[in-house]
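The values are calculated or read from the model by the stated rules, or taken from the named source; none is laboratory data. From a predicted model like this one, the values you see are computed outputs, not experimental measurements. Methodologically, a virtual Cβ is constructed for each residue, glycine included, from the backbone with ideal geometry; neighbour enumeration extends over all protein chains shown.
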Amino acid sequence: MVSRREFVQALPMGALSLAAAGTPWTPVRAAAPPPKAVPSDRIVSLRGDSLFTKPGEYPAKLARVVGDGKGVVDLYLAEGAVAALEAKFAALLGKEDAAFMPTGTMANQIAIRLLSGDRSRVLLQKESHVYRDEADAVAVMSSINPVPVEGGASDALYEGIAAAFAQSAEKPYPVDVGAVSIESPVRRLDGAAVSQETVAKIGALARSKGAGTHLDGARLLLMYGSKDFDVKRYCAPFDSVYVSLYKYLGAPFGAVLAGSKDFVAKARQARHVFGGAIFHGWMAAAVAEETLDGFGERWSRVRAAGEKLLDLLAATPGIAVRRVPNGTNIAFLTLDEHVANGLKERLAKIDVVTGDVIDGGLPLTFNETILRKPVEVIARAFAPSTSA
């Protein structure tokens, strides 16, 4: 016979708490096992610029990239994978040299500081990352006055820059412009890019005024696949070019700043002054370098697949498509209620994820994951009356 003490000690703690609350105790059924996670290399993600990597998968990815590690490790961003990546980017962008930077903000700030010299004004788009998202760093860190101009990513940007130069030169108190900083593609304009003709005209104007030119090209390589795009030709009007390593090249952090040998040497020194000479950058540089190989060809396929998907969706009842003028990899859908209802569930069945539908609107952002599945299959899942 079981004593009362033995009976109480054998009870689950949850049953004791329920009994204390005066609730009859009943056995708790085991919860159903969670659905099996979809491997990340099967997911088509129509949001974000990059390939999705789960945190737990990153160490294995890094180990595969670096192999036995010989010749990979840098020391304070010198030698190893960092030097290899710098050389590859300099050649890609058509510049003499390039320097690894821990962040894109640091790359932008150092470039503007060096190009401006003792001149106190920089011209930039009012939507630009430097003006909107870098906490007034050019004024705080370098005592340079940012002058926002109209024009965005359109051809009217040249007129905006020309007007700002003219205003700065007005007497009796003219102010010298030290640099022009252009962001392209522009994040706050849904990835719209400034045309080759416009950047060439702005570059010529800046040279005639004795001002330097900087390209905030964080998402520059997303222009692959657009009509007549050539990365070296696009970068030629600029004295310095910054490209992000983590937005779509798979690195956990980092940026590259390219320019002449003299400019990059000064940029490395400024990087140290700004506190950016981190002990190691190889874990970012090695992954970015591997992803960079063949990126232009792959991204051209991404662009083509995205355009084909948009054409198919535009032909689907209940879906309207809006493309971004001079856009790169972002488009917008307007969905009627019939299409919007249950859309995420239909897409989940074929391992496709998107953002949320808000007031009938759905942004789509294309990246390399779109190459994992025929776009016809994706388009069919948007239509509620058919099965993918």
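Below are the figures for this structure:
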{"quantity": "Selection count where residues are in contact with a helix residue (DSSP H, G or I) (Cβ under 7 Å, 6 or more places away or on another chain) and within 30 Å of LEU220 (Cα to Cα), scope the stretch 354-371", "calculated": "7"}
{"quantity": "In the stretch 40-63, the residues that are among the charged types (D, E, K, R), farther than 26 Å from LEU220 by Cβ and within 19 Å of the chain's Cα centre (by Cα)", "calculated": "LYS54"}
{"quantity": "Residue within the stretch 346-361 that is assigned by TED's automatic domain parsing to the domain that holds LEU46, on the phi < 0 side of the Ramachandran plot, surrounded by 18 or more Cβ atoms within 10 Å (Cβ to Cβ) and in a loop (DSSP other than H, G, I, E, B) present", "calculated": "yes"}
{"quantity": "Conditions (1) touching a residue at least 40 places away in the same chain (Cβ under 8 Å); (2) surrounded by fewer than 15 Cβ atoms within 10 Å (Cβ to Cβ); (3) in contact with a helix residue (DSSP H, G or I) (Cβ under 8 Å, 6 or more places away or on another chain); number of the one not met by ARG188", "calculated": "(2)"}
{"quantity": "The stretch 161-178 - residue that is in a helix (DSSP H, G or I) and in contact (Cβ under 8 Å) with a residue 24 or more places away in the chain and, of those, nearest to GLY327 (Cα to Cα)", "calculated": "ILE161"}
{"quantity": "Enumeration of residues in the stretch 366-378 that are buried (at least 20 other Cβ atoms within 10 Å of the Cβ) and either under 19 Å from the mean Cα position of the chain (by Cα) or not assigned by TED's automatic domain parsing to the domain that holds ALA331 (or both)", "calculated": "PHE366, ASN367, GLU368, THR369, ILE370"}
{"quantity": "Conditions (1) out of contact with any His (no Cβ under 9 Å at 6 or more places or on another chain); (2) touching a residue at least 60 places away in the same chain (Cβ under 8 Å); (3) assigned to a helix (DSSP H, G or I); number of the one not met by GLU127", "calculated": "(3)"}
{"quantity": "In the stretch 228-281, the residues that are in a helix (DSSP H, G or I) and free of Cβ contacts under 8 Å to residues at least 12 places away in the same chain", "calculated": "ASP262, GLN269, HIS272, VAL273"}
{"quantity": "Qualifying position, being crowded, with 17+ Cβ neighbours inside 10 Å and not assigned by TED's automatic domain parsing to the domain that holds PRO325, among ALA98, ALA135, ALA78", "calculated": "ALA98"}
{"quantity": "Members of the stretch 192-233 that are among the aromatic types (Phe, Trp, Tyr) and touching a Gly at 6+ places or on another chain (Cβ under 8 Å)", "calculated": "TYR224"}
{"quantity": "Candidate set from the stretch 282-317 (those that are more than 20 Å from the chain's Cα centre (by Cα) and assigned to a loop (DSSP other than H, G, I, E, B)); member that is farthest from ALA331 (Cα to Cα)", "calculated": "PRO317"}
{"quantity": "Flag for PRO146 being within 23 Å of GLY117 (Cα to Cα), surrounded by fewer than 15 Cβ atoms within 10 Å (Cβ to Cβ) and assigned by TED's automatic domain parsing to the domain that holds ALA111", "calculated": "no"}
